[in-house]
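What follows is calculated from the coordinates using simple rules that are stated; it is not laboratory data. On a predicted model such as this, the values are computed, not experimentally measured, just so you know. When we count neighbours, we look across all protein chains shown, and the Cβ atoms used for this are built from the backbone with ideal geometry, even at glycine.
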Amino acid sequence: MSRLEPPEWVQALANLLTGLDSFFRKHVRCLPRKAPQEPPVQDEAVDDPVFPSHLRSENETREERRRLRKHQKQHSQRIDQMLKKDRKQIESEIKVLLLGPGESGKSTVLKQMRIIHNVNFTDEELQEIKEMIFQNVCVSMFTLCMERERRGISFQLKDSPFHWQSFRERFELSTRDDQRVSFIDFIKHALDIQELWRDQALRDTYDIRYNFKLSDSCSYFFSEIARIKQASYVPSQQDILFARRATIGIKEMLVDIPCSMGRGTVPFRFIDVGGQRSGRHLWRTVFHGVHAVLFLAPCSEFDQVLAENSSVNRLEESLRTFAWIINEQAFQSSCVILFLNKLDLLIEKLSSPLHPFYILLPP
């Protein structure tokens with residue numbers, strides 16, 4: 001798999017997080033722990049509290065009981081050593097919590113960090129990402145065609161109505177938004193999607209995509225259908241970054257980030273929690289022990305509304321959520337980083353002659 005050069009903002013983010021090491025080493029101090037005391041030697045005349053006399057075998061000798069107690073003590077010491085090792089590992093970690101509204105790019109940043117620091121994806125994860133991409137492509141094309149139909153934009157190619165009918169029937173029969181799309185199902189849709197994307201009517205509908213909900217990366221995947229539909233297809237790094245699925249639950253990633261001046265590495269634990277309103281009840285469950293909050297606010301969504309509530313502007317939702325985070329008592333001693341995401345999409349919007357951004361400017 002060829003390695004892509006990561007964007008400059010990701011490199012800057014990695015450097016910024018690396019710099020947190022010295023800050024937290026100065027301000028975070030662990031209390032000294034008392035050495036565990038050895039239990040008093042058991043008097044043989046006193047009944048054993050672990051194996052009292054009424055539970056022992058009649059033929060069990062005093063020497064056998066001593067060997068058993070010795071084995072139990074060694075086993076307990078091994079467990080204590082493992083717990084001590086795990087405790088040291090946890091205490092040395094820098095815990096970074098990724099927060100933000102839905103579709104703000106938290107999972108993408110996490111994947112980018114993973115690629116930069118060579119945390120490989122397993123075969124199972126790549127298979128899941130493939131099915132995620134198949135779903136993204138099919139759902140995006142269905143959404144685009146339905147919006148074209150709703151707006152009364154006519155097809156330009158004579159075969160497009162046939163491909164739309166064929167794709168629609170198969171899609172509605174075999175696929176739902178909350179289901180994965182298998183490779184077999186995707187192959188059935190691939191030709192229709194390729195031909196539909198050639199039609200200027202779909203391109204015109206895509207140009208006004210900011211007026212309805214559509215994946216930011218759908219045009220990239222539409223242009224890559226010929227590669228994606230191959231039986232030997234393995235998602236590239238760029239495919240992995242563009243694949244989109246709402247985060248459900250809590251995702252964690254542990255990565256060692258180099259310190260400045262070549263002073264070894266620091267373990268960073270990045271925690272990604274779903275940003276949709278329905279998933280924010282999980283946020284408080286991961287607040288404990290957070291060193292830094294990385295809040296992602298997509299600056300390109302000034303003209304878009306929430307998927308959960310079409311009356312709420314996405315940028316206003318980001319501002320309200322960020323204000324709540326910085327006033328949250330659990331983060332009073334934590335570092336809060338505001339990361340303005342999706343600047344490339346903002347530039348694209350402002351440079352588009354079809355985008356009426358001027359309505360947002362003051363008179």
Cut-off is 10 Å between beta-carbons; in what order do 181, 312 appear when sorted fewest neighbours first? 312, 181
Quick one: if you stick a label point 7 Å off each Cα along the C-beta vector at residue 307 and residue 343, how many nm between them? 2.6
For residue 257, enumerate residues with amide H under 5 Å from its amide H, sequence gap 5+ or separate chain, H modeled in the peptide plane. 266, 268
If amide hydrogens are placed 1.01 Å from N in the peptide plane, which non-local residues have theirs closer than 5 Å to the one on residue 336? 293
Taking R0 as 30 Å and r as the Cβ-Cβ distance between residue 254 and residue 71, the FRET efficiency 1/(1 + (r/R0)^6), rounded to the nearest 0.05, comes to 0.30
Of all DSSP beta bridges with both partners in the stretch 190-343, the antiparallel percent, nearest 5, is 60
Beyond a 29 Å Cα-Cα separation, which of these cross-linked pairs lie in this structure: 158/229; 95/229; 229/349? 95/229; 229/349
Report the relative contact order of the stretch 123-242, percent, no decimals, based on alpha-carbon pairs under 8 angstrom and at least 6 residues apart. 40
Under the Karplus relation with 6.51, -1.76 and 1.60 and θ = phi - 60°, whole-Hz ³J(HN,Hα) for the stretch 123-138, x at Gly and Pro, equal 4, 5, 5, 5, 5, 5, 5, 4, 5, 5, 5, 4, 5, 4, 5, 5
Under 5 Å between amide hydrogens, which residues at least 5 positions from residue 103 or on another chain qualify, with H placed 1.01 Å from N in the peptide plane? 275
May I ask you to list the residues of the stretch 297-322 whose amide nitrogen lies under 11 Å from a point 7 Å from Cα along the Cα→beta-carbon direction of residue 328? 321-322
